[in-house]
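All remarks here apply to the structure that follows.
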């Protein structure tokens, strides 16, 4: 049974993506990791090369900026690097540049992949998600944050990225048949210094709003207002992946939130309470079929 990791990245240094931590978090369980480096001049290529693992294969890509609407360019880049995964690999493990796997989850992932390698009904595995917000001490716990997504897919040549690259479907636009896996993805996309987060979001909005979107020119003291944007947060009580410990320890900003405060509509407040009482998220969007 063979697993190939894959990801794409652009401007990782400029926007402070934890891509090195992301890649190294699953290197122990993959036989190869393919990294597509987009056109940029901020030292991203050198950053990936600095990992120094013989498992890593770097490919190069020029992003199609005409697809800067609805996040389509992200799906296009995902499909490009997925196409680089050799046919003799059973599974392809996708991580975005701000997603990390905890070392305690590596064995369950390998176990599940081995168990279902010959069961062609299983087209992928569904992971639990932890979304950090503001600092490494808080997580988003509202319906705004998706609770599950597919990250390990069967390498059969029939699967492609869906919409903005959050998940996958077959090339016939059918939802994948997946098994739930007892493993988590730690998502750090909303944890940066407030200035860096504002820079990152300004660029990210351009991927959604097309070429006509004018990325604002930021001043050095401009900062993202984490407090204003939060709807519901909880204190993180677990442990971060080992590969993240250095980054967590070097955090150089402070953000304090009152987790008792909730910024909900009446409908979302009711659904939030039901979820906390029952553990079930009603009317949740599911881009997959659990088997």
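Remark: the Cα gyration tensor places the stretch 52-186 in the rounded category, a/c being less than 1.5.
Mean separation of Cα pairs under 8 Å and 6+ residues apart, divided by the residue count of the chain: what relative contact order is that in percent? Once divided by the residue count of the chain, the mean separation gives 21 percent. Separation of the stretch 237-281 from the stretch 134-165 is 17 Å, based on Cα centroids.
Cβ-to-Cβ counts within 10 Å put 4, 40 in ascending order as 40, 4, the fewest first.
Using the Cα gyration tensor of the chain, with a ≥ b ≥ c the square roots of its eigenvalues, what is the shape: rounded (a/c below 1.5), prolate (a/b larger than b/c) or oblate (neither)? It is rounded, given that a/c, with a ≥ b ≥ c, falls under 1.5. With both residues required to sit in the chain, DSSP beta bridges show an antiparallel share near 45%. Only helices enter the 222 nm calculation for the chain: every DSSP H run of n ≥ 4 contributes -39,500 (n - 2.57), and dividing by all residues gives -7000 deg cm²/dmol, rounded to 500.
With Cα atoms defining each centre, the stretch 1-72 and the stretch 80-115 are spaced 14 Å apart in the structure. When a/c reaches 1.5 or more, the comparison of a/b and b/c decides; with that in mind, is the stretch 86-153 rounded, prolate or oblate per its Cα gyration tensor? Prolate shape, in that a/c is at least 1.5 and a/b is the bigger ratio. By the beta-carbon count within 10 Å of each Cβ, the least crowded to most crowded order of 21, 46, 103, fewest first, is 46, 103, 21. Note on the chain: GNM, Cα springs under 10 Å; of 253, 145, 91, the largest mean-square fluctuation is that of 253.
Here, each number is a calculation from the coordinates, and none is a lab measurement. Because the structure is a prediction, the values reported are computed rather than measured. When we count neighbours, we look across all protein chains shown, and the Cβ atoms used for this are built from the backbone with ideal geometry, even at glycine.
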